[in-house]
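Laboratory data are not the source of any read-out in this text; all were calculated from the coordinates shown. Please read all numbers here as calculations on a predicted model, not as lab measurements. No Cβ is skipped: glycine too gets one built from the backbone with ideal geometry, and neighbour counts run over all protein chains shown.
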Amino acid sequence: MKIIKAEINKFGCLKNKVIDFTDGLNTLIEDNGSGKTTTASFIKAMLFGMDTVRATSKKENKIPDREHYCPFGETSFGGTLTIEVNNETYRIEKTFDIKSETKDKTKVFDSKGNEVLKGVNLGEHFFGIDRESFERTAFISSTDLDVNRTDSIKKKLYGIVEGTEENLSYET
């Protein structure tokens, strides 16, 4: 499976944005606040739906994705995602309702324009994995990253930067 194009009508801070993907690994390199994480969340929502869970305590302070990504003053939001699976192209059109997934509208079209796949979990159908597995493999959120260093790495890096490591030679 590969993602060919994302057309984001309204989703979080993104409006009328089109992203064409190429074969292989695609990386979004943009300024902070430009919508990289929002784009990744859009793709996940198009395939697996939106999180509607509220925080269980004030300490968690979790806003459901549905509220988080609905643009201010709107009651619905979404776009289209074009994917290729087993040499067949599909276009997913989805509109999310701010309050309830039962009011979401999803249509999937094949390359001939025929509507297909009503009432199925698209992510599981196309990927063969559930949402949690997708989040742990194909989707890396900035909140999932954990950057740590050990004392030995710190010592090596400090030695390289300060030029104090006599036994190591580095070419520039």
Given a cut-off of under 8 Å on Cα pairs at least six residues apart, what relative contact order in percent is computed for region 1-127? 25
Along region 38-48, Karplus-curve 3J(HN,Hα) (6.51, -1.76, 1.60; θ = phi - 60°) to the nearest Hz, with x for Gly and Pro, reads 5, 4, 5, 5, 4, 4, 4, 5, 5, 8, 10
Scoring region 75-135 by relative contact order with C-alpha pairs under 8 Å, at least six apart, yields a percentage of 22
How large is ³J(HN,Hα), in whole Hz, for each residue of region 71-76 in order, when computed from phi with the Karplus curve 6.51 cos²θ - 1.76 cosθ + 1.60 and θ = phi - 60°, using x for Gly and Pro? x, 3, x, 9, 10, 9
Suppose the Debye formula is applied to equal point scatterers at every Cα of region 72-115; what is log10 I(q)/I(0) at q = 0.25 Å⁻¹? -0.83
Scan around residue 5 for amide H atoms under 5 Å from its own, H built in the peptide plane at 1.01 Å from N, and keep only partners 5 or more places away or cross-chain. 21, 82
If packing is taken as the average number of other Cβ atoms within 10 Å across a peptide's residues, how do 18-25, 63-70, 82-89 rank, most packed first? 63-70, 82-89, 18-25
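Mind checking Rg over Rh on region 7-138, alpha carbons, Kirkwood formula for Rh?
Here the Rg-to-Rh quotient is 0.96.
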